[in-house]
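Beneath this line is the structure, given in structure tokens, with notes to follow.
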Amino acid sequence: MTTTDEPQDTGAPYDAELMTASTDLGAALRELIEVSVTTTTPAGEVAAAAELVRQATARLAVSRRSAAVLPALDDPSVGRRVFNPVVGIGNAIAPPLLVRRDGDGVTAEVTLGVAYEGPPSYVHGGMSALFMDQLLGSAAGAAGLWGMTAHLELDYRGPLPLETPLVLRAWVDSNEGRKSVIAGTIALAAEPDRPLVEARGIFVMPRPEKVQAYFGAITDAAGKHTPPRRPGDATSVQWS
């Protein structure tokens, strides 16, 4: 697979110390989540750990942003979404996926732990839908097409095993006016051309009045009105 050599982030400057701390917290919490669903320690140890987590939560809860305020670390115009639930390095529920340009589309590799389990030893099917929705949107953005998910369908050809390298791909199938059709697959990294999940999504660019209705209250951390305005606002594609 080929990728570009462009820099990963050309967006607005950010607090490097906060970025490091947020990334470290996300990684620590990601590890905690995985351990919490696999631990076999006695009940007393589990209860003690729960109390420690509550103490940490109380420390972080003293200052919080509302949902309408973008994180100080984000710059949506270049796809920097630190707390996105799929690609956000600061979000503990994100694997996270590192999405890259690959030829005419995008690709990502990931190995999912037991925290993503559905059927025993396999990935929850809803996770496939979440990841494909993100990747299809990223493929649209990489092609210079802005849109929101209007329809998403998946065909499950086989279960995705946990703790096994997977490869995700997406590309633009067609585009007409405000509507784009994006396709994608998930396969074992060892067998990338044998899809276990196939996805197809329709992404539609909202009309200006809809953009205002959906995002009219969104501001950046400084209080400036910051609605989505171009492809990178809704997607995340890294360069490597």
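Leaving out ligands and nucleic acids, note down the accessible area per residue over the chain with a 1.4 angstrom probe, in whole Å².
Result: 56 Å² per residue.
Whole-Hz Karplus ³J(HN,Hα) for segment 119-128, in order, using 6.51 cos²θ - 1.76 cosθ + 1.60 and θ = phi - 60°, x for Gly and Pro?
These are the phi-based 3J(HN,Hα) values: x, x, 6, 10, 5, 4, x, x, 5, 4 Hz.
From the backbone phi of segment 80-97, what are the Karplus-calculated ³J(HN,Hα) couplings (6.51 cos²θ - 1.76 cosθ + 1.60, θ = phi - 60°) in whole Hz, Gly and Pro given as x?
7, 10, 5, 10, 4, x, 10, 10, x, 5, x, 9, 5, 8, 7, x, x, 7
Just how much of D133 is accessible, in Å², when a 1.4 Å probe is used and the result is rounded to the nearest 10?
We get 50 Å² for D133.
Would you list the P(r) distribution for segment 35-140, with all Cα-Cα distances sorted into 10 Å bins from 0 and each bin expressed as a whole %?
The distribution over segment 35-140 is 12, 32, 33, 20, 4, 0, given as percents.
If ligands, DNA and RNA are left out, what is the accessible area of Y214 with a 1.4 Å probe, given in Å² to the nearest 10?
120
With the crude spin-label approximation of a point 7 Å out along Cα→Cβ, what separation in nm comes out for A21 versus A150?
According to this spin-label approximation, the distance is 4.4 nm.
Taking the chain as a Gaussian network, where each spring joins two C-alpha atoms under 10 Å apart, which residue of E163, E51, E153 fluctuates the most?
E51
Tell me which trypsin sites (Lys or Arg not before Pro) from segment 72-164 have a DSSP coil assignment and no more than 11 other beta carbons within 10 Å of their own.
none
Using θ = phi - 60° and the Karplus form 6.51 cos²θ - 1.76 cosθ + 1.60, what ³J(HN,Hα) does each residue of segment 182-198 get, whole Hz, x for Gly and Pro?
Values, residue by residue: 10, 10, x, 9, 10, 9, 5, 4, 6, 9, x, 9, 10, x, 9, 9, 10 Hz.
Per residue and in Å³, how big is the convex hull formed by the alpha-carbon atoms of segment 63-208?
Convex hull volume per residue, Cα atoms: 123 Å³.
How large is the accessible surface of E45 in square angstrom, using a 1.4 angstrom probe and rounding to the nearest 10?
We get 120 Å² for E45.
What is the extension gain from E117 to A50, computed as 0.36 nm multiplied by their sequence separation minus the C-alpha to C-alpha distance, in nm to one decimal?
21.9 nm
May I ask you to rank F131, F83 by accessible area, largest first, using a 1.4 Å probe over the protein chains only?
F83, F131
Who wins for biggest fluctuation among A58, A217, A67 in a Gaussian network model of the chain, springs between alpha carbons below 10 Å?
Residue with maximal mean-square fluctuation among A58, A217, A67: A58.
Using a 1.4 angstrom probe on heavy atoms only, work out the carbon and sulfur share of the accessible area of the chain in %.
Carbon and sulfur atoms account for 56 percent of the accessible area of the chain.
Just add up the charged neighbours of T164: K/R +1, D/E -1, any other residue whose Cβ is under 14 Å from the Cβ of T164.
Spelling it out: positives minus negatives among the neighbours equals -3.
The values are calculated or read from the model by the stated rules, or taken from the named source; none is laboratory data. Owing to the predicted nature of the structure, the values given are computational and were not obtained by experimental measurement. All Cβ positions, even for glycine, are placed from backbone atoms using ideal geometry, and neighbour counts span all protein chains on display. In case anyone asks, the SASA skips ligands and DNA or RNA and just uses the protein heavy atoms, side chains included. Shrake-Rupley method; radii C 1.70, N 1.55, O 1.52, S 1.80 Å.
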